[in-house]
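Novice: Attaching a single structure in structure tokens format; questions to follow.
The values are calculated or read from the model by the stated rules, or taken from the named source; none is laboratory data. All values reported here derive from a predicted model rather than from experimental measurement. Neighbour counts are summed over all protein chains in view; Cβ atoms, including those assigned to glycine, are modelled from backbone coordinates with ideal geometry.
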């Protein structure tokens, strides 16, 4: 009975979150309430499960939320040091149309998400998009960034949390995920971008009054430190440490350097930045929302709801057809249920040796979350950063392009699999 009640609470909470703009109650409030209620249900059902699950769940939430907080703080530093103004000036100097700007922005999101990760890339590219677009164009651009970042992260071993999980579980090698996953991911980006760019309306030359194309030596040094900070999570992972330690180290080093620069620069300029103030500018409400979602999904996982759905998708057999169709269905499921516990369950219950099949799983759960705004961490963060992007707006703009791109990527993977 408890799993059924919990599933009902989750569905109700999900509906209320999606209706945030109509009920005029913060989605963060709904998410936190839903998470708390689900854990109370878990406690009533089996109090020993709470003591068993709360520690690993808290650890996972700490890693994700603190990583987000550090990444957002670093992005705020880039904003303060005018990096995005420089990029905006460079792009405007090429006199690109709004549609070409959109294509360039999503392409950069696709590439960068494979190098760093889709979450950080979404944060950075959303900030840039706000410099380029307004109104409906901004919403379309942010949706395009989310879809492109998720697609780019799906073919890289460090591009998404799920690919990291599968990579560390030795389900595929670095070479296999890149060679087998690149074309399906690329085809998804091409198809979705082609459909989304048709929604961009030309607004004419929107150049800023002041176009900044250069930074001072000190500014370049700080920006370089921020870039170095985004690489430290990869270095931390390579030596067996949580990525969050890497990005916290980068933020700490950058903070020290900026405080030293404040001492050296006697006159008050933009170089005398206050990191305390910059951190306060981060969207804490979106972090609370993310905490609520993670708590909710963890409770469902502890109650066995996610495992039930996973067995329902794959069944008792492990034929290639059943596993491929199960992976695709799991990808669609990840549009409304977090892909991390779904991937963890798939690792436990599937015993397929083919690395290419696991690559398909990475593509499906990594990009299936793009179908809905709440289906991926990138979409959740984008909604937090652009308040106008509601659940309904995301659905109207991005669902069909993301779905068509998702299905095309599956077809490309199947073509690769049966030919090679």
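Novice: Give all pairs with beta carbons closer than 6 Å in which a residue from region 366-382 that is touching a residue at least 60 places away in the same chain (Cβ under 8 Å) meets a residue that is outside any helix (DSSP H, G or I); count only pairs at least 6 apart in sequence or on separate chains.
Specialist: From region 366-382, the pairs are 366/154; 366/160; 367/154; 369/334; 369/335; 369/376.
Novice: In contact (Cβ under 8 Å) with a residue 12 or more places away in the chain and under 17 Å from residue 190 (Cα atoms): which single residue out of 143, 127 fits that description?
Specialist: 143
Novice: Going by the conditions given, is residue 292 touching a helix residue (DSSP H, G or I) at 6+ places or on another chain (Cβ under 7 Å), closer than 24 Å to residue 71 by Cα and modelled with pLDDT of 75 or more?
Specialist: yes
Novice: Here are 159, 144: which of them is at pLDDT 90 or above, buried (at least 24 other Cβ atoms within 10 Å of the Cβ) and either more than 12 Å from the chain's Cα centre (by Cα) or not in a helix (DSSP H, G or I) (or both)?
Specialist: 144
Novice: Which ranges mark the helices (runs of 4 or more DSSP H) fully within region 336-420 that have 1 or more residues being in contact with a helix residue (DSSP H, G or I) (Cβ under 9 Å, 6 or more places away or on another chain) and within 20 Å of residue 171 (Cβ to Cβ)?
Specialist: Filter on region 336-420 gives 339-349, 355-368, 391-419.
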